[in-house]
Amino acid sequence: MRCALGRSGIGAAKREGDGRTPAGAFPLRRVMYRPDRLKAPATGLAVHAIDPADGWCDDPRDPCYNQLIRLPCDAGHERLWRDDGLYDLLAVIGYNDDPIEAGLGSAIFLHVARADYGPTEGCVALALPDLMALLRACRPGDRIVIGSGLE
């Protein structure tokens, strides 16, 4: 499937804010969706309906770094309830979460791509129909493999 990747390409040396998509094999943790725009997706993964108070902490100094949080929040964060539709459906990629290491990158998702497949900030993005089809096939324990094919 066609996808968009981070603006800085793929690499193993991921750091917070570098725009790089991390290379490796990572578990898919859970699926989140925006219930005012989509029905709950068909998937074998755990599913969470997001709401306007959901966010994801991207502040390496905060104890909630690289975790789902409730807004408002004083720490740096991403809002999951977006106007542009990119997070209408997403899967949390299990990158830097077991254990979490401050500064190694946060909020790495499999999410909806822009119409022009413009680059992400480090996520993997697919067209909504492709993302839905992929998630339909996912089961607990499934992993995403990210690499250039040249490793």
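Derivation of every value follows stated rules applied to the coordinates shown; laboratory data play no part. Computed from a predicted model, the values in this text were never measured in an experiment. Backbone-built Cβ (ideal geometry, glycine too); neighbour counts: all protein chains shown.
To the nearest Å, what is the center-to-center distance of the range 106-133 and the range 20-38, using C-alpha atoms only?
The two parts, judged by their Cα centres, are 9 Å apart.
What's the longest uninterrupted piece of the chain once you rule out the trypsin sites (Lys or Arg not before Pro) that are loop residues per DSSP with at most 15 other Cβ within 10 Å?
Longest site-free region, per DSSP loop and neighbour criteria: 115-151.
How charged is the neighbourhood of Trp81? Take every other residue with its Cβ under 13 Å from the Cβ of Trp81, and add Lys/Arg as +1 and Asp/Glu as -1.
Values: positive: Arg34, Arg37, Arg70, Arg79, Arg82; negative: Asp36, Asp51, Asp54, Glu78, Asp83, Asp84, Asp88.
Charge balance in the 13 Å sphere: -2.
Among the GluC sites (Glu not before Pro) in the range 32-121, which ones are in a DSSP loop with at most 12 other Cβ atoms within 10 Å of the Cβ? Mind listing them?
Counting only loop positions with at most 12 other Cβ atoms within 10 Å, the GluC sites (Glu not before Pro) in the range 32-121 are Glu101.
Over the chain, what is the relative contact order in percent, taking alpha-carbon pairs closer than 8 angstrom and at least six residues apart? Kindly include the intermediate steps, with their values, before the conclusion.
Values: 354 pairs, mean separation 51.3, N = 151.
Value for the chain: 34 percent.
List the relative contact order of the range 75-124 as a percent without decimals, with contacts defined as Cα pairs under 8 Å and 6+ residues apart.
The value is 33 percent.
Please name whichever of Gly11, His111, Pro72 sits farthest to the positive end of the charge dipole of the range 2-151, dipole taken about the Cα centre and charges placed at Cβ: Lys and Arg +1, Asp and Glu -1.
Ranked along the dipole, the leading option is His111.
Would you look at the GNM of the chain, springs on alpha carbons closer than 10 Å, and say which of His77, His48, His111 moves the most?
His48
Hey, what D do you get for the chain in µm²/s if you plug the Kirkwood alpha-carbon radius into Stokes-Einstein at 10 °C and 1.306 mPa s?
Estimated diffusion coefficient is 103 µm²/s.
For the chain, with only Lys/Arg (+1) and Asp/Glu (-1) charged at the beta-carbon, what is the dipole magnitude about the Cα centre, in debye rounded to 20?
Working: 18 positive and 21 negative charges, 103 e Å.
Roughly 500 debye for the chain.
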